[in-house]
1. On alpha-carbon atoms, Rg over Rh for segment A:60-184 using Kirkwood Rh?
2. Can you tell me how chain B classifies by the Cα gyration tensor, rounded, prolate or oblate, using a/c under 1.5 as the rounded cut?
3. Normalised by the number of residues in chain B, what is the relative contact order in percent for Cα pairs under 8 Å and 6+ residues apart?
4. Using DSSP to define loop residues, name the trypsin sites (Lys or Arg not before Pro) in segment B:1-40 whose beta-carbon has at most 16 other beta-carbon atoms within 10 Å.
5. Compute the FRET efficiency between B:S151 and A:Q109 as 1/(1 + (r/R0)^6), taking r as their Cβ-Cβ distance and R0 = 35 Å, and round to the nearest 0.05.
6. GluC sites (Glu not before Pro) within segment B:1-40: which are DSSP loop residues with at most 13 other Cβ atoms inside 10 Å?
7. Between 0 and 90 degrees, rounded to the nearest ten: what's the tilt of helix B:158-168 against the longest Cα principal axis of chain B?
8. Add -39500 (n - 2.57) for each DSSP H run of 4 or more in the protein assembly as shown, then divide by its residues: what number comes out at 222 nm, to the nearest 500 deg cm²/dmol?
There are 2 protein chains.
Amino acid sequence: MTNMKKNIADRVFDTLCTAIVEGEIAPGSKISEPELAKRLKVSRASLREAIGRLEACSLVTRKANIGARVVSLSKEKLLEIYHVREALEGMAARLAAQNITAEEITQLQQLLKRHTDEVNQADGASYFQRSGDLDFHYHIVQSSHNERLISLLCNDLYHLMRMYRYQFGRVSQRAFPALDEHSYVVSAIADGDGEMAELLMRNHIRRSRRNIEQMIKT
Amino acid sequence: MTNMKKNIADRVFDTLCTAIVEGEIAPGSKISEPELAKRLKVSRASLREAIGRLEACSLVTRKANIGARVVSLSKEKLLEIYHVREALEGMAARLAAQNITAEEITQLQQLLKRHTDEVNQADGASYFQRSGDLDFHYHIVQSSHNERLISLLCNDLYHLMRMYRYQFGRVSQRAFPALDEHSYVVSAIADGDGEMAELLMRNHIRRSRRNIEQMIKT
DNA sequence: AATTATTAATGTGTCGACAATATATGTTGA
DNA sequence: TCAACATATATTGTCGACACATTAATAATT
């Protein structure tokens with residue numbers, strides 16, 4: 001089962017997506033269709049299909065008759081994303097408190113415990129460096145059971161957030177406080193207190209943003 | 001100037017977008033690429049490009065090797081959108097209060113006055129039936145000066161909201177209260193009170209959603 | 001007659017080639 | 001030497017045709 005036989009365009013999308021997220025293709029660099037098509041041994045049609053989807057999740061930008069460029073990262077754009085996340089994930093936490101299932105609660109608590117162990121073991125460093133933090137947020141969004149919210153955060157914005165985390169690094173000393181904040185959010189959701197869950201999630205994300213503002217204030 | 005000479009795919013997108021939004025192509029109906037390509041007298045490649053963009057703004061859904069269907073509307077999906085709007089437009093109002101320019105404030109106030117006149121003249125009915133209400137929200141989002149927020153609301157979700165408004169109609173008796181709520185939001189933004197602006201905008205959208213929940217509770 | 005197998009049709013996915021546009025190169029004139 | 005124009009090259013946009021998957025229609029078996 002779950003034997004999704006993928007199209008060429010799908011595979012090309014996956015390839016380019018990770019290549020862009022991990023910086024193998026430099027931010028701001030131009031994407032030459034003939035060259036890439038030859039390197040990946042696919043037709044330009046399939047490649048263009050893939051590029052179209054990359055554009056949909058904001059990993060590339062296209063200009064008419066000029067072509068596609070890998071998105072260029074900036075402090076300002078990152079902060080914009082944090083504002084959007086504060087709004088959307090705050091709402092996601094609120095809805096999760098209303099709609100989460102019993103199984104999802106236990107799964108979320110298990111995830112939180114696993115994170116706690118990892119952070120304690122690694123002394124706070126390694127975990128948040130990788131995409132572990134995103135996993136937590138990902139699960140809460142899923143538990144909102146709002147398909148559009150899920151699509152926006154887990155399909156459209158997800159890869160871009162990974163890209164920033166990958167390339168800006170995650171030097172944060174906020175591992176322990178962030179972990180606490182996570183546990184508060186889980187408690188509020190488990191209690192079914194949507195108002196509190198949204199408040200806590202928004203504060204959590206706002207603190208992350210402020211932390212970044214501090215660190216990269218040129 | 002502003003003489004954007006458009007691609008074929010752009011024109012096809014515009015054509016199909018309005019056709020779908022206005023219901024000329026029925027919700028849930030299948031899109032046959034060969035047939036449409038022949039009717040519009042364009043190649044399938046250009047048509048597929050356009051369909052890809054329609055998918056990006058959720059006007060059609062595509063399944064691999066099966067094809068594209070016009071999105072089917074439902075009460076549940078509409079309420080999901082309202083939750084997303086409450087979160088995003090609330091944040092937009094907050095940011096607008098911080099970032100709006102003097103010119104934009106006067107433009108917004110003029111827009112509000114025009115709306116008031118129209119609603120009074122038409123006795124509340126006609127204006128909110130058309131996309132006038134969306135204009136107001138559109139302007140506030142623009143004034144947030146958050147590019148990602150603007151893109152999400154004014155590019156991705158905008159057409160879908162128009163589609164619901166077009167097809168579900170807008171029977172609302174809430175024209176006058178809604179107009180009041182609009183004016184409160186503008187005041188808060190003009191005062192630079194982001195906290196208040198967000199609160200008022202969220203309440204406004206939540207009331208719209210509750211109103212819809214009442215009307216279409218089967 | 002109902003149900004499964006097999007075949008025909010329709011439609012989507014992919015490809016290579018041509019046309020339109022933008023960029024790079026080279027030439028001319030002041 | 002530099003600027004402006006003309007030419008050449010490379011890239012994107014568009015097209016029609018073929019390969020493959022899905023659906024419909026037909027045939028076969030119980």
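The values are calculated or read from the model by the stated rules, or taken from the named source; none is laboratory data. All of these numbers come straight from a predicted model, not from anything done at the bench. Positions of Cβ are generated from backbone atoms using ideal geometry, with glycine treated the same way; all protein chains shown enter the neighbour counts. Just the protein is used for accessible areas: all its heavy atoms, side chains included, with ligands, DNA and RNA removed. Shrake-Rupley method; radii C 1.70, N 1.55, O 1.52, S 1.80 Å.
1. Checking Rg against Rh, the ratio lands at 1.02.
2. Note, shape of chain B comes out prolate.
3. 27
4. Within segment B:1-40, the qualifying trypsin sites (Lys or Arg not before Pro) (loop, at most 16 other Cβ atoms within 10 Å) are B:K5, B:K6.
5. 0.45
6. Answer in residue order: B:E22, B:E24.
7. Computed tilt is about 90 degrees.
8. The helix-only estimate for the protein assembly as shown comes to -22000 deg cm²/dmol at 222 nm.
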